[in-house]
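The values are calculated or read from the model by the stated rules, or taken from the named source; none is laboratory data. Because the structure is predicted, anything quoted here is derived from the model rather than measured. FYI the Cβ positions are ideal-geometry reconstructions off the backbone, even for glycines, and counts take in every protein chain you see. What goes into the accessible areas is simple: the full protein's heavy atoms, side chains included, and nothing from ligands, DNA or RNA. Shrake-Rupley method; radii C 1.70, N 1.55, O 1.52, S 1.80 Å.
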Amino acid sequence: MHRPLARFPLRSIADSLLKSKPRQHGRGNVAENMGSSRALTTSKGLEFLAYGTESTTRSMQMQIVDALHLGDRSKASNLLLDLGHGNHSLRPDDFVHILNYCARSPDPLFVMETLRLMEEREIGLNEICYLLIVRALCKGGYLEEAFNLINFLGERQGIYPILSVYNSFLRACAKMRNIFHANQCLDLMEHQMVGKNEVTYSELLKLAVWQKNLSAVHEIWMEYVKHYSFSFISLRKFIWSFTRLGDLESAYQTLQHMVALVIRGSIFINRTAEGKLYPYRIDIPIPSNGELCSKKFDLKGNEHSIPSAYHNIEQCTTSSLENREAESGRLGVLNRYENIPVKKVLRWSFSDVIHACAQAQNCGLAEQLIIQMKNLGLQPSSHTYDGFVRAVVSERGYNDGMEVLKVMQQSNLKPYDSTLATLSMGCSKVLELDLAESLLDQISECSYPHPYNAFLAACDRMDQPERAVKILAKMKHLKILPDIRTYELLFSLFGNVNAPYEEGNMLSQVDAAKRINAIEMDMAKNGVQHSHLSMKNLLKALGAEGMIRELIHYLQVAENLFCRNNTYIGTPIYNTVLHSLVEAKESQMAVEIFKNMKSCGIPPDAATYNIMIDCCSISRCFKSACALVSMMVRDGFYPQTLTYTALIKCSRPYISYLSI
């Protein structure tokens with residue numbers, strides 16, 4: 001029987017909330033199964049007389065809910081007033097259906113409208129109404145108001161705190177990434193000695209992962225062990241946390257304990273009405289029996305490190321895996337769990353750890369986990385293979401990745417677009433353009449330009465801009481937004497028209513100017529600013545075409561852009577301009593830019609000095625070249641072969657004069 005909660009002055013909270021603007025909020029699953037709720041204790045002699053009134057109020061509640069569902073808030077408000085000002089007496093349960101709908105929607109404003117009416121009619125709250133009100137506020141984004149309500153009720157004597165209310169609040173904090181209110185809630189829970197249950201620890205894990213706080217996850221682990229024996233679902237959540245934070249060793253060992261639970265048959269899982277998985281056991285804190293603290297499962301110890309043995313890729317083929325299954329005594333242990341979602345949860349956990357292996361470039365462990373899944377009778381999914389392919393390609397290259405793709409095809413598994421993207425990037429890296437392009441053509445949807453950038457980079461290295469045009473059309477068709485790396489490569493591929501070592505002419509310069517302008521317009525349309533490399537490639541293209549006036553103009557643009565963004569312009573950009581000027585035999589202009597560069601505090605490097613020594617050969621000034629060599633040595637750069645070559649070019653006129 002739910003205990004009635006004392007009335008409290010909520011009018012100020014409700015009024016302030018109703019005057020505020022509605023906030024953006026999304027739908028979410030109801031946090032926990034509320035369980036069966038019963039009405040406040042009433043005299044048995046009045047139950048029959050109250051039946052007709054209860055039926056009437058229930059009908060009016062459903063009418064209000066229907067009006068809210070149809071978006072007719074005015075009608076819902078009028079019906080609520082009719083309900084509140086009827087001749088019959090009202091109880092908290094007469095508002096439960098309304099509050100439940102508002103908690104599910106969520107509709108925090110109508111909740112507060114209902115709450116204000118309850119205050120006017122001097123109707124106290126019971127536990128279920130209190131829980132639903134807090135849920136509606138939390139899911140609607142009103143954390144401050146929800147916390148004030150929880151805090152106020154917590155200060156009332158005789159009101160026992162409800163853990164599910166605090167869990168709802170922590171869930172909202174995790175969803176909205178609000179660590180301030182989460183800490184406030186934890187302090188209040190500690191002050192009121194509320195305690196924690198498995199749901200509480202789950203929400204704390206989400207907050208720790210969002211903060212990227214691995215030590216906090218380990219602290220939650222240690223506290224959990226003190227109060228609970230691990231369930232299948234709780235281990236799944238810890239694996240998720242460890243993999244998101246890059247702790248592969250802890251994730252692997254937690255997964256092995258999860259497998260041990262499967263083999264022992266110690267798994268109890270069920271679903272809520274909303275389809276959410278939860279451990280099917282009474283939530284009574286029972287400390288772990290010490291198994292998790294042993295050397296076998298010490299997350300921070302070194303007694304049981306991650307296996308690092310590597311296998312040949314052929315071991316992942318179907319025939320090899322079947323042989324290993326036959327040798328395993330645990331083959332098909334999951335067959336007993338056909339009717340409950342154990343396989344799905346276990347497959348998720350294996351997939352998470354395999355994806356973490358890809359991040360850590362630990363292909364050997366990923367391969368071992370794939371084999372273990374087969375031994376357990378657990379078929380890897382496309383998501384599992386996506387992580388496995390990433391691990392294989394990052395360490396062994398695209399050839400082995402293609403072998404895994406063949407295994408997927410034999411199992412009638414369709415590869416993810418991200419799997420194809422990974423393989424394509426591996427092919428582009430080793431300049432296998434035909435295979436890379438074929439894989440890109442199979443991608444139906446992609447939210448990031450990385451595989452296309454990799455192909456463009458390969459086209460740039462192979463000097464095949466014509467192949468890049470088709471990929472750009474594919475990106476446009478899939479509505480993939482280019483990033484700065486895309487534009488860096490576009491300037492390098494299409495910035496200049498002539499073939500290498502050919503001088504520009506009027507026609508090629510006009511064409512190059514049109515291309516550069518088109519690329520820059522597309523950058524502006526997508527809100528992408530120049531990087532150092534994109535500007536360097538642009539300047540290099542202008543220099544290659546002999547467009548000196550435009551070259552100086554864009555140098556000034558670069559200086560203004562990077563100065564405005566408080567970014568160091570960098571020596572390489574000046575080196576690009578100086579090199580182009582020297583190639584165009586614009587020695588005087590090169591000297592002026594070199595002087596400006598020095599006066600602005602931009603330090604020359606070895607390449608700068610070599611370029612300027614070469615510049616001296618144009619003006620046939622051997623003394624200036626020697627002075628530059630002296631400056632070069634003082635700045636800590638030693639002359640190279642290129643330096644001596646430039647000096648010899650400068651010294652020829654001087655040597656000829658001496659011979660006369």
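Of the listed requirements (1) closer than 27 Å to S492 by Cα; (2) within 25 Å of the chain's Cα centre (by Cα), P380 misses just one: (1). Cβ-Cβ contacts under 6 Å between residues 6 or more apart (or on different chains), taken from a first residue in segment 75-94 that is open to solvent by 30 Å² or more (accessible area, probe 1.4 Å) to a second residue that is of a type in the set (A, V, I, L, M, F, W, C) and at pLDDT 85 or above, are listed as K75/A67. If only residues of segment 346-370 that are open to solvent by 10 Å² or more (accessible area, probe 1.4 Å) and more than 17 Å from G246 (Cα to Cα) are counted, the one that is modelled with the lowest pLDDT is R347. Residue pairs whose Cβ atoms lie under 7 Å apart, sitting 6 or more positions apart in sequence or on different chains, and linking a residue in segment 62-74 that is in a helix (DSSP H, G or I) and open to solvent by less than 70 Å² (accessible area, probe 1.4 Å) to a partner that is of a type in the set (G, A, S) and modelled with pLDDT under 90, are I64/A76; A67/A76; L68/A76.
Tell me, yes or no, whether segment 418-433 has at least one residue that is part of a loop (DSSP other than H, G, I, E, B), in contact with a Lys or Arg (Cβ under 9 Å, 6 or more places away or on another chain), closer than 27 Å to R347 by Cβ and touching a residue at least 12 places away in the same chain (Cβ under 8 Å). The answer is no; no qualifying residue exists. Filtering segment 613-660 to residues that are surrounded by fewer than 12 Cβ atoms within 10 Å (Cβ to Cβ), of a type outside the set (S, T, Y), at pLDDT 80 or above and not in a helix (DSSP H, G or I) leaves only G636.
Taking the condition under 30 Å from V633 (Cβ atoms) and of a type in the set (A, V, I, L, M, F, W, C), does F494 pass? Full working, then the answer.
Numbers: under 30 Å from V633 (Cβ atoms): no; of a type in the set (A, V, I, L, M, F, W, C): yes.
No: the conditions fail for F494.
If you check S508, S492, which single one turns out to be at pLDDT 90 or above, buried (at least 16 other Cβ atoms within 10 Å of the Cβ) and of a type outside the set (V, I, T)?
Numbers: S508 fails: at pLDDT 90 or above.
After applying the criteria, what remains is S492.
Being at pLDDT 90 or above, farther than 19 Å from V134 by Cα and touching an Asp or Glu at 6+ places or on another chain (Cβ under 6 Å) is a property that holds for I239.
Checked across segment 115-132, the condition of being open to solvent by 30 Å² or more (accessible area, probe 1.4 Å), among the hydrophobic types (A, V, I, L, M, F, W, C), assigned to a helix (DSSP H, G or I) and touching a Cys at 6+ places or on another chain (Cβ under 9 Å) holds for no residue. Within segment 473-483, being open to solvent by less than 50 Å² (accessible area, probe 1.4 Å) and either basic (K, R) or closer than 15 Å to I519 by Cβ (or both) holds for K474, M475, P482, D483.
Looking at N167, N213, which one is among the polar types (S, T, N, Q), at pLDDT 90 or above and open to solvent by 20 Å² or more (accessible area, probe 1.4 Å)? Break it down into steps so the answer makes sense when it comes.
Working: N167 fails: open to solvent by 20 Å² or more (accessible area, probe 1.4 Å).
Among N167, N213, only N213 is among the polar types (S, T, N, Q), at pLDDT 90 or above and open to solvent by 20 Å² or more (accessible area, probe 1.4 Å).
Close Cβ contacts (under 8 Å, 6 or more residues apart or on different chains) running from residues in segment 571-598 that are part of a loop (DSSP other than H, G, I, E, B) and among the aromatic types (F, W, Y) to residues that are at pLDDT 90 or above and open to solvent by less than 20 Å² (accessible area, probe 1.4 Å) are absent. Looking at the structure I just gave you, is A103 open to solvent by less than 40 Å² (accessible area, probe 1.4 Å), assigned to a helix (DSSP H, G or I) and free of Cβ contacts under 8 Å to residues at least 24 places away in the same chain? For A103, the condition - open to solvent by less than 40 Å² (accessible area, probe 1.4 Å), assigned to a helix (DSSP H, G or I) and free of Cβ contacts under 8 Å to residues at least 24 places away in the same chain - is not met. Working carefully through the options P451, P415, find the one that is buried (at least 17 other Cβ atoms within 10 Å of the Cβ) and outside any helix (DSSP H, G or I). From the options P451, P415, the qualifying one is P415. The sole residue among S229, S202, S164 that is closer than 22 Å to R104 by Cβ, in contact with a Ser or Thr (Cβ under 9 Å, 6 or more places away or on another chain) and polar (S, T, N, Q) is S202.
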